[in-house]
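Down below is the structure, laid out as C-alpha cells.
The values are calculated or read from the model by the stated rules, or taken from the named source; none is laboratory data. Since the structure is predicted, the reported quantities are computational estimates derived from the model, not experimental observations. Every residue, glycine among them, receives a Cβ derived from its backbone with ideal geometry; neighbour counts consider all protein chains shown.
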Amino acid sequence: MHVCRSHLHHRLTASPSSSRRHLQISLPETRGHAGLSAITARFFRSMENVVKHTRTVEEIDPCTNTKIVKHIKVWNYTIADITLLAFGTSFPQISLATIDAIRNLGNLFSPGTLVGSAAFDLFPIHAVCVVVPKAGELKKISDLGVWLIELFWSFWAYIWLYITLEVWTPNVITLWEASLTVLQFGLLLLHAYAQDKRWPYLSLPLSRSERPDDWVPAETAPYKDKYTAPYKYSEILEDEYGNGSVVDIFSVHDGNRDYEYQNLPDNDVAESSDQSHEGDNLLSIWKQQFIDAFVLESPESRKLNNTCLRLAKAFWQLLLAPWRILFAFVPPYQIAHGWIAFICSLIFISGIAYIVTKLTDLISCVTGINAYVIAFTALAAGTSWPDLVASKIAAERQITADSAIANITCSNSVNIYIGIGVPWLINTLYNFFAYNKPLKIENAAGLSFSLLVFFATSVGCIGVLVFRRLTLGAELGGPKVWAWVTCVYFMLLWLIFVVLSSLRVSGFI
C-alpha cells in the first residue's frame, strides 16, 4: 500500500479495494469535463463574433454620387479554422506544456501524450461528428484541396516527430530541430492560405464547391449582433488568384441573398442614438447571462414530450449549474467583436484542463495502471476534450464539414509544431546557453510502435471518409444507420490503437 499525494487531494491511499478513492477522483474529473464542455461552447460562440468581424470602407459612386459602404472580411475562413479554432482548442496543451517547460528548465521532456491525443482527435472526434447532423442531413468538405493540405501537414508532424527522436538524433533535440518544429506552423498557415487562394505552383488543381458567406449561418446563431446594421443587400467578390485589386466584400444580410451595393444615406442622428443605448443593452445582456445561469429548464426543454428526456436535460443543467454561474462572468460576445469573451474563455479552458490533467495523473497512482497507458488514454482525452466539443458544435451549426474536420487535423498539427515545439525551443535555448548541450528526451521508448499503429489505423479512418464522400456525397451525416456504423468503426479503430499500444508498453508484445 502506498500514499498518493497531490495539492488537489492531500492524501489518497492506493489499494485494490479503494473504490471510494476512485470516486474521489472520477467525480471531480467528470465535473471538470462538464465544465470544459460548457466553456468550449462559449468559446465557439465568441469565436463566431470574431470571425464575422468586418472592416468598413466607404466609397463614392462616380455615376450616382452616392455613398457605397463595403464590408471587407478581416478573417480568411481557412486561417480562422487553423489559428482561432484549432489553436484555441489546443491552447490548454500549449499553455500547460510551455509553463511546465519554464518551471522545469533543462529537465527531461516526454512526448508520450501527443500520439494518444492525435488518436483521440482522429477517431473519437470523427465518430462524434459523423452522427451529429440530423437524420438524412449531409455535410461535406467544400474545399478538398485545403483539407488535403491540412491532412498532409498533420501526418507530416508525426513523421517529423519520429525523425527527430528516432533517426537524426535519437532521444536528443538540438536547437535547430526545435526551431524548425516551430517554423513549420508558419509553413502550414502559408500553404493552406495559398491553397485557399489557388496560388499558382503552391496549390493543388482541385475545384471546390461554394462555401457559405457566413462562417456560421445567421439563422442558427444563438445571438444576433444588435449593433450591426441589417443591410438588405451585399456584394461578395472572390479573389481566386490573389489579385490585390480585388477584395472579399460581404455584409450581414437577410435571407433573400440579393447581391448588389446598397446606397446608404447619412443618418448621424440614428447612429448617435444607437451608440447611446449600446452600453445599456450590453449590461442587460450580461445581466441575462446570470439569470439564465440559475434556470435549470430551458424553454426548449419544456417543449419536449418525453419526460425522461426532460429529466435528463434538467439533471445535466444541474450538473452544469456551478460552471454556468462562474462562466456568466465572461463578458458578452458583443463586446470588442467577441475578443474579450474569446480570451476569457481560453483562460477558463486552460485552468479547468490543468485541474483535469492533475486529477488524471492521480489515476495511475491510485489504480496502478501504467503511466504511459494513462497518458495516451485518459490524459489525452482530457486535454483533447475542447477539440471534441468544438468540432461537435461546428458539425451541428455549420452548413459544411470544413471547420469540424479542419479542427481535428489542424489540432494535431498545432500540438506538435507549437505544443511540443515551443517547450522544446525554450529548453534547448536554456541548455545551449547554460550548458552548451542539446536537450535529452526520456520516455520516448515505444513511440515508434505507437506511431506505426497510429498511421496504420489512420489509413482506415481516412479511407472511410473518402468512401463516404464517393458513395453518400459527404463525410458527415447521412442515413442514421450508416452514420452509426461509421461511428462504431471509428471507435473500434481507436480501441485497436489503445489496446496494441498498451500491450506494447506493458511488455506483452
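Among the residues that make up the stretch 101-122, is at least one of them surrounded by 20 or more Cβ atoms within 10 Å (Cβ to Cβ), farther than 29 Å from Asp361 by Cα and of a type in the set (D, E, K, R)? Break it down stepwise before answering.
So in the stretch 101-122, the residues surrounded by 20 or more Cβ atoms within 10 Å (Cβ to Cβ) come out as 101, 109, 111-122.
Next, only the ones that are farther than 29 Å from Asp361 by Cα stay: none.
No.
Kindly indicate whether Leu493 is in contact with a Gly (Cβ under 9 Å, 6 or more places away or on another chain) and farther than 22 Å from Ala101 by Cβ.
yes
Which count do you get for residues in the stretch 390-429 that are closer than 18 Å to Ser46 by Cβ and of a type in the set (Val, Ile, Thr)?
Residues meeting the conditions: 1.
Given the criteria modelled with pLDDT of 90 or more and among the hydroxyl-bearing types (Ser, Thr, Tyr), does Ser142 qualify? Quick ask: steps written out before the conclusion?
Working: modelled with pLDDT of 90 or more: yes; among the hydroxyl-bearing types (Ser, Thr, Tyr): yes.
Considered against the rule, which asks whether it is modelled with pLDDT of 90 or more and among the hydroxyl-bearing types (Ser, Thr, Tyr), Ser142 comes out as yes.
Those residues that are touching a residue at least 24 places away in the same chain (Cβ under 8 Å) and farther than 14 Å from Gln93 by Cα, I need them from the stretch 371-387; list them, please.
Across the stretch 371-387, the qualifying residues are Tyr372, Val373, Thr377.
For the stretch 361-380, indicate whether the set of residues that are within 20 Å of the chain's Cα centre (by Cα), part of a loop (DSSP other than H, G, I, E, B) and buried (at least 20 other Cβ atoms within 10 Å of the Cβ) is non-empty.
no
Can you find even one residue in the stretch 355-370 that is touching an Asp or Glu at 6+ places or on another chain (Cβ under 8 Å) and free of Cβ contacts under 8 Å to residues at least 60 places away in the same chain?
Scanning the stretch 355-370 turns up no residue that is touching an Asp or Glu at 6+ places or on another chain (Cβ under 8 Å) and free of Cβ contacts under 8 Å to residues at least 60 places away in the same chain.
Taking interchain pairs and intrachain pairs at least six residues apart, which have beta carbon atoms under 8 angstrom, with the first residue in the stretch 320-334 and within 12 Å of Ser345 (Cα to Cα) and without any contact (Cβ under 8 Å) to a residue 60 or more places away in the chain and the second of a type in the set (D, E, K, R) and part of a helix (DSSP H, G or I)?
Going by the 8 Å Cβ cut-off, the qualifying pairs are Ala328/Asp292.
Scanning the stretch 319-356 for residues that are among the polar types (S, T, N, Q) and either within 16 Å of the chain's Cα centre (by Cα) or closer than 13 Å to Arg31 by Cα (or both), which turns out modelled with the highest pLDDT?
Going through the qualifying residues, I end up with Ser345.
So how many residues does the stretch 422-473 have that are more than 30 Å from Val499 (Cα to Cα), assigned to a helix (DSSP H, G or I) and touching a residue at least 12 places away in the same chain (Cβ under 8 Å)?
The number of residues fulfilling the criteria is 10.
Could you list, in sequence order, all residues of the stretch 396-412 that are under 28 Å from Gln184 (Cβ atoms) and either over 12 Å from the mean Cα position of the chain (by Cα) or surrounded by fewer than 24 Cβ atoms within 10 Å (Cβ to Cβ) (or both)? Spell out how you get there, then give the answer.
Let us first name the residues in the stretch 396-412 that are under 28 Å from Gln184 (Cβ atoms), namely 398, 400-412.
Answer for the stretch 396-412, where residues must be under 28 Å from Gln184 (Cβ atoms) and either over 12 Å from the mean Cα position of the chain (by Cα) or surrounded by fewer than 24 Cβ atoms within 10 Å (Cβ to Cβ) (or both): Gln398, Thr400, Ala401, Asp402.
Name the single residue that is surrounded by the fewest Cβ atoms within 10 Å (Cβ to Cβ) among those in the stretch 316-340 being more than 18 Å from Ala293 (Cβ to Cβ) and among the small types (Gly, Ala, Ser).
The extreme case among them is Ala336.
Among the residues of the stretch 426-446 satisfying the criterion of being aliphatic (A, V, I, L, M) and surrounded by fewer than 22 Cβ atoms within 10 Å (Cβ to Cβ), which is modelled with the lowest pLDDT?
Ala445
Against the condition under 26 Å from the mean Cα position of the chain (by Cα) and part of a helix (DSSP H, G or I), how does Val167 come out, does it pass?
Here the answer is no, as Val167 does not meet what is asked.
Select from the stretch 170-205 the residues that are aromatic (Phe, Trp, Tyr) and assigned to a helix (DSSP H, G or I) and list them in ascending order. Show your work before the answer.
Here is the first cut: in the stretch 170-205, the residues aromatic (Phe, Trp, Tyr) are 176, 185, 193, 199, 201.
Once the filter is applied, which keeps residues that are aromatic (Phe, Trp, Tyr) and assigned to a helix (DSSP H, G or I), the stretch 170-205 yields Trp176, Phe185, Tyr193.
With (1) buried (at least 24 other Cβ atoms within 10 Å of the Cβ); (2) part of a helix (DSSP H, G or I) as the list, and Lys392 as the residue in question, which single condition is left unmet?
The number of the failed condition is (1).
What strands (runs of 3 or more DSSP E) completely inside the stretch 1-113 contain at least 2 residues that are in contact with a strand residue (DSSP E or B) (Cβ under 7 Å, 6 or more places away or on another chain) and at pLDDT 75 or above?
Counting at least 2 such residues, we get 54-60, 67-73.
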